[in-house]
1. For the chain, modelled as a Gaussian network with Cα springs under 10 Å, which listed residue fluctuates most, 145, 68, 154?
2. So what is the 222 nm mean residue ellipticity for the chain from helices alone, if each DSSP H run of at least 4 adds -39500 (n - 2.57) and you divide by all residues, rounding to the nearest 500 deg cm²/dmol?
3. Build a GNM of the chain with springs between Cα atoms under 10 Å: which of 16, 89, 109 gets the top mean-square fluctuation?
4. Antiparallel as a % of all DSSP beta bridges within the chain, to the nearest 5?
5. How many angstrom lie between the C-alpha centres of the stretch 117-132 and the stretch 225-297?
6. Quick one: go through the stretch 411-432 and flag any residue whose amide nitrogen is under 11 Å from the point 7 Å out along the Cα-to-Cβ line of residue 356.
7. Can you tell me the 0 to 90 degree angle between the C-alpha axis of helix 269-278 and the longest principal axis of the chain, rounded to 10?
8. Just the Cα atoms of the stretch 283-435, one point each, no solvent: what log10 I(q)/I(0) does Debye give at q = 0.11 Å⁻¹?
Amino acid sequence: MKNLVEEFRWRGLFHDMMPGTEEQLLKESTTAYIGFDPTADSLHIGSMVQIILLIHLKNFGHKPIALVGGATGMIGDPSGKSDERNLLDEATLTKNVEGIKKVLSRFLDFNSTEANAPVLVNNYDWMKDFTFIEFARDIGKRITVNYMMAKDSVKKRLSGEVGEGMSFTEFTYQLIQGYDFYYLHKHYNCLLQMGGSDQWGNITTGTELVRRMNVNSSEEGAKAFALTTPLITKADGSKFGKSEGGNVWLTADKTSPYKFYQFWFNSTDADAEKYIKIFTFLEKEIIEELIEKHQQEPHLRLLQKRLAEEITVLVHSKDELEKAVKASNILFGNSTSEELKQLDNQTFLDVFDGIAQAEISKTDLENGLTIVEALAGKSGFMSSNGEARRALKENSISVNREKVTEEFLITKNDLINDEFVLLQRGKKTYFILRFI
């Protein structure tokens, strides 16, 4: 087997592991799992690290299991949280589970017939029939409260260092997650659990439970390992995965491919150097060459461009990447009116996000709207008709990227997606007319 841990190390994907993990992965094809709790009906780019771990695992000849936490999602993971989570109702939880399954299915082929084909499971399937008494007797008996309280995520909450204590519900989370590992170990011969470094406590509870539940088995049968990745941060120390509009999601309905592309393209040099190793599957030599070229000519943003291209294709598609690049060129390049009219509504609004707008009735277009009225009286883009005329005489006004004169009339033929007209003064001052 090729050395997967070594791959994780140079890519910045390695934080910690239990003794024997690297040896196990080198010895034979190993089944490993990562859990995803359904706190929303999609996943954001913070979860992309874990998805990439599963893809690497598959590429290196191991067998990945993606677990959607239909049961653990009902409780809420206390790791890294200062307050008790709000419990989700059943309908929301079901919707979230289905949404996450769809996202994961875009990256891993769960219908594959290969020997190391990925597997998708939901822990609700084996937890739903457990009675409280059975769980307390058969599972709760195996792990001491002292052991559970020694975990950082529990200690901090109980000491009052963060939040206001912890409910019994959240206290049981690590035990239920631990049982997931035992179940997968027993039914799928799963020997390894992976996750973010904040999951170390939960994961090691799982390895301990596997060991204790197999106390009468041979040492070979009780093997269980743990491996964690660092939590990704930005170079300035701020939280990774958020843009000005909130989380950057892996589904187009929550974050458009254009905004997704822009998030990566706008990375700082230091972040791009780190992210291109973590979020792409480019070979080490290619990445090192890109970093070297970027350092010689940082103004060309070669690193950011390649990073944004690679991950946009991975998450969306090549077609969506091409649309995102075209949309970026519209804002920053010398695009034409025709290119502008090819943008769909959402992308148009994303490209010109934050640009001032005015709503005008479509009835004003029946006989044509004069450009002076459009610039001043109807929109307020300019303070007066006089200012509008001066700007037109200076040849500094464009409609949908084309220069116009004072005689120009805006008609229905100028509408983008039957709704918008883009006004521009000079190179950088934009205004949107929205016809309703």
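Taken together, the values in this text are just the output of simple stated rules run on the coordinates, not laboratory data. All of these numbers come straight from a predicted model, not from anything done at the bench. Note that we place each Cβ from the backbone using ideal geometry, even for glycine, and neighbour counts take in every protein chain shown.
1. Comparing 145, 68, 154 in a Gaussian network model of the chain, the most mobile one is 145.
2. Numbers: 20 runs with 190 residues, N = 436.
Computed mean residue ellipticity for the chain: -12500 deg cm²/dmol.
3. 89
4. On the way: 20 of 42 bridges.
Close to 50 percent.
5. 33 Å
6. 430-432
7. Helix 269-278 sits at roughly 50 degrees to that axis.
8. For the requested q values the scattering log ratios are -0.53.
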